[in-house]
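Novice: This is the structure I want to talk about, given as structure tokens.
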Amino acid sequence: MSRSHPPKTHADWQALAASLTDEKGLETRAFVDDAFVEAASGETFATTNPATGETLAHVASCDAADAEIAVGHARAAFDGGAWSRLAPGRRKKVLLRLADLMEAHKHELALLDTLDMGKPVGSSLGDMAGAIACFRYQAECIDKLYGEVAPTGEETLALVLREPLGVVASIVPWNFPLMMTAWKVAPALAAGNSVILKPSEKSPLSALRLAGLAREAGLPRGVFQVLPGFGHTVGKALALSMGVDCLAFTGSTAVGKQLMQYAGESNLKRLYLECGGKSPNLVFADCRDLDRVAKHAAEAIFHNQGEVCIAGSRLLVENTIREAFIDKVVAAAETMQPGDPLDPASFMGAMVDETQYRRVLDFIRQGQEEGARLRVGGEALEGPGLFIPPTVFDGVMPEMTIAREEIFGPVLSVFGFDREEEAVAMANDSPYGLAAGLWSQDIDRIMRVTRRLHSGQVFVNNWAGGDQTMPFGGVKQSGNGRDKSHHSLEEYSELKSVWMSLAT
Ligand code: NAD
């Protein structure tokens, strides 16, 4: 794909999309042992553009046979040492080269995610910046991570070494296809592991393009492999494999629970889970500039069509400002309508597929049936394409289905509270604990509430702030792992204790 200037307008992106798909330039095969190959069974599955309903491509549908082959190559690569024993500074160079290649191809990569899962292309470009930054950060970290000398007596030299784990399988979702991939793959590679990536069956295309770039960057054969396919086939096989040392997963809590079983049934592989959320966003009456806060509260749920693990899907508002504040949120929501994902002006795009679209509409129906008050939205837009507008429910009670379940769509539930303790109790009343937001100008309250929120991250007077320096992950049934920052790098290495007796 060659272009003289980067795409900017709607027409530019449409032209780029046409050239990318018309040239049959889409890579659809698995990437195994440095080569693009069909699935062992020869089977394929269709991947569809949810904004148009058109089939984009038929992609290799890997299963247990492919998993076994890939695990064998990954193990051979690891034992061979071309990557696992390479000096960290040299691994860094290769990963920085990969980041540069991703940068050079960022429009194409962003477009693949947009076509595959329906998010606006502007948002996909933001994801690419995040994915590239993650590779650069992890690459830069790896030659700055020291081992330790333990404080023992003179007769001993006691070393604590950090070593890669071996074969890491990364299973990722479709909502931020390449960014979630980067959060898993970059630290695992940087630490010296061999990595097998299983992208979601709903968004496999950018992962396959990344494989081509990884090869170009000089990753040795077998060190990075990509197996597209379904969770219950290739995903399950990787999770049950005796040859996989670590499983790093981002996805739903239900599947996370299954993976724990698979790890227990097989080799007790190390398991990191980044799962779902139902994140509370607390607005106190003392916060400054309610218009601004209302806009952020709307973005917190409607960004990426609400298909965000940390979506601020439960808005808790102090009752003294509630009516006026909801009016402002509704006004903000009305400006965030879905549109063609290829139009850089679109704030929201299409829902990822028919299943997710129906599921979200079902939750909206349940909200109405259970007595919540629909303030805006609620009806799907006419097709083609799977578009649901921003939907706001007021008068939501904690026991209602829309208050408890992760909807993973553009549906906001608003609750009222009178006292701080009541707000904290409502916020914590969820099996999830991924993110929470808090808007106030009272520093004592901010500190008190922040400490009491049972959540992996707390955003104070913002939503979704953070960069590569900050770990990202949840508590409770939102999971146990941490992506990003040097903490994620540590997760992909093992401590080895060496006790050396010295002659005296
Ligand atoms: P999902 O759990 O259905 O699928 C995630 C991945 O797991 C996919 O690749 C899928 O093929 C695979 N999978 C499914 N069943 C499997 C099985 N039995 N064995 C092995 N692999 C299997 O989730 P999804 O619909 O792709 O993504 C949405 C979910 O991801 C939401 O719950 C969201 O909150 C969560 N998520 C969490 C984070 C986080 O950082 N905590 C980030 C993004 C998304």
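Read-outs throughout are calculated quantities, based only on the coordinates presented, and are distinct from any laboratory measurement. Nothing here was measured: the structure is a model prediction, and the numbers come from that model. As a convention, Cβ positions derive from the backbone with ideal geometry for all residues, glycine included, and neighbour counts pool all protein chains shown.
Novice: What's the angle, to the nearest 10 degrees (0 to 90), between helix 64-80's Cα axis and the longest principal axis of the chain?
Specialist: 50
Novice: Run the numbers on the chain and let me know its relative contact order in percent, using alpha-carbon pairs under 8 Å that are six or more apart.
Specialist: About 18 percent, as a whole number.
Novice: Now, a different point. Among 260, 101, 126, whose Cα lies farthest out toward the positive end of the dipole of the chain, if unit charges sit on the beta carbon of Lys, Arg (+1) and Asp, Glu (-1)?
Specialist: Going by the Cα projections, it comes out as 101.
Novice: Report, please, the projected area of segment 280-468 averaged over directions, based on the convex hull of its C-alpha atoms, in nm².
Specialist: Across all orientations, segment 280-468 yields a mean hull projection of 10.6 nm².
Novice: Could I ask something else about it? Quick check: the distance between the Cα centres of segment 147-179 and segment 12-37, to the nearest angstrom?
Specialist: 35
Novice: Can you work out ³J(HN,Hα) from phi for every residue in segment 314-319, in order, using Karplus 6.51 cos²θ - 1.76 cosθ + 1.60 and θ = phi - 60°, giving whole Hz and x for Gly and Pro?
Specialist: Result, rounded to whole Hz: 10, 9, 10, 10, 4, 4.
Novice: Counting pairs on different chains as well as pairs 8 or more places apart, how many Lys pairs in segment 228-305 have Cα atoms under 24 Å apart?
Specialist: Step by step, the pairs that qualify in segment 228-305 add up to 5.
Novice: So how strong a dipole does segment 280-468 carry about its Cα centre when Lys and Arg Cβ are +1 and Asp and Glu Cβ are -1, to the nearest 20 debye?
Specialist: 380
Novice: Which of 361, 441, 503 sits farthest toward the positive end of the charge dipole of the chain, with +1 on the Cβ of Lys and Arg and -1 on the Cβ of Asp and Glu?
Specialist: Checked the options; the winner is 503.
Novice: Right, something else. Could you check the simple spin-label distance between residue 10 and residue 504, using points 7 Å along Cα→Cβ, in nm with one decimal?
Specialist: For the pair residue 10/residue 504, the computed spacing is 8.1 nm.
Novice: How charged is the neighbourhood of residue 500? Take every other residue with its Cβ under 15 Å from the Cβ of residue 500, and add Lys/Arg as +1 and Asp/Glu as -1.
Specialist: My count for the surroundings of residue 500 gives -2.
Novice: Calculated from DSSP H runs of 4 or more alone, at -39500 (n - 2.57) each and per residue, what is the 222 nm mean residue ellipticity of the chain, nearest 500?
Specialist: Mean residue ellipticity, 222 nm, calculated: -12500 deg cm²/dmol.
Novice: With no solvent and one point per C-alpha, what does the Debye sum give as log10 I(q)/I(0) for segment 368-492 at q = 0.09, 0.10, 0.13, 0.21 Å⁻¹?
Specialist: Computed log10 I(q)/I(0) values: -0.34, -0.42, -0.69, -1.28.
Novice: Which of 461, 352, 410 sits closest to the plus end of the dipole of segment 280-468, meaning its Cα is farthest towards the positive end, when Lys and Arg get +1 and Asp and Glu get -1 on the C-beta?
Specialist: Farthest towards the positive pole: 461.
Novice: Compute, for the chain, the length of the dipole vector about the Cα centre, with Cβ point charges of +1 (Lys, Arg) and -1 (Asp, Glu) only. Units Debye, rounded to 20.
Specialist: 1000
Novice: For helix 177-190, report the angle its Cα long axis makes with the longest principal axis of the Cα atoms of the chain; keep it between 0 and 90° and round to the nearest 10°.
Specialist: Compared with the principal axis, the helix lies near 30 degrees.
Novice: Also, quick follow-up: Straight-line reach only, C-alpha to C-alpha below 25 angstrom: list the lysines that residue 144 could link to, leaving out same-chain residues fewer than 8 apart.
Specialist: 92, 93, 184, 484, 496
Novice: Quick check: net charge around residue 41, other residues with Cβ under 10 Å of its Cβ, Lys/Arg +1 and Asp/Glu -1?
Specialist: -4
Novice: If I model a spin label as a point 7 Å beyond the Cα along the Cα-Cβ vector, how far apart are those points for residue 267 and residue 148 in nm?
Specialist: In this crude label model, residue 267 to residue 148 measures out at 2.7 nm.
Novice: If you plug each phi of segment 275-285 into the Karplus form 6.51 cos²θ - 1.76 cosθ + 1.60 with θ = phi - 60°, what whole-Hz ³J(HN,Hα) values come out, in order, with x for Gly and Pro?
Specialist: 10, x, x, 8, 7, x, 10, 9, 10, 8, 5
Novice: So who's got an amide H within less than 5 Å of the one on residue 437, skipping anything under 5 residues away but keeping other chains? H placed 1.01 Å off N, in plane.
Specialist: Under 5 Å from the amide H of residue 437 lie the amide H atoms of 281, 282, 459, each far enough along the sequence or on another chain.
Novice: By how many degrees, between 0 and 90 and to the nearest 10, does the Cα long axis of helix 443-452 differ from the longest principal axis of the chain?
Specialist: 60
Novice: Could you work out the equivalent-ellipsoid semi-axes for segment 67-205, taking the square root of 5 times each eigenvalue of the Cα gyration tensor, largest first, in whole Å?
Specialist: Each semi-axis is the square root of five times an eigenvalue, giving 33, 18, 13 Å.
Novice: Related question: State the three equivalent ellipsoid semi-axes of segment 38-135, derived from the C-alpha gyration tensor as the square roots of 5 times its eigenvalues, in descending order and whole Å.
Specialist: After scaling each eigenvalue by five and taking roots: 29, 25, 8 Å.
Novice: Order by neighbour count: 107, 454, 5, fewest other Cβ atoms within 10 Å first, most last.
Specialist: Ranked by crowding around the Cβ, least crowded first: 5, 454, 107.
Novice: May I pose another question? Under a Cβ-Cβ cut-off of 14 Å, what is the net charge of the residues other than residue 267 that fall near it, where Lys and Arg count +1 and Asp and Glu count -1?
Specialist: Its environment carries a net charge of +1.
Novice: Another question, if that's okay. Just the number, please: Stokes-Einstein D of the chain in µm²/s, Kirkwood Rh from C-alpha pairs, 20 °C, 1.002 mPa s.
Specialist: 91
Novice: By per-residue mean of other Cβ atoms within 10 Å, what is the highest-first order of 467-478, 175-186?
Specialist: Output ranking for 467-478, 175-186: 175-186, 467-478.
Novice: A further question follows. Cα to Cα, under 12 Å, and not fewer than 8 places away if on the same chain: which aspartates and glutamates meet these conditions relative to residue 202?
Specialist: Straight-distance partners of residue 202: 113, 116, 353, 354.
Novice: Measuring from label point to label point, each 7 Å out along Cα→Cβ, what is the residue 86 to residue 381 span in nm?
Specialist: Taking the two extended label points, one gets 4.5 nm.
Novice: Sorting check: for 411-421, 394-404, 149-159, 133-143, which peptide has the highest mean count of neighbouring beta carbons within 10 Å, and how do the rest follow?
Specialist: The densest-packed peptide leads the list: 133-143, 411-421, 394-404, 149-159.
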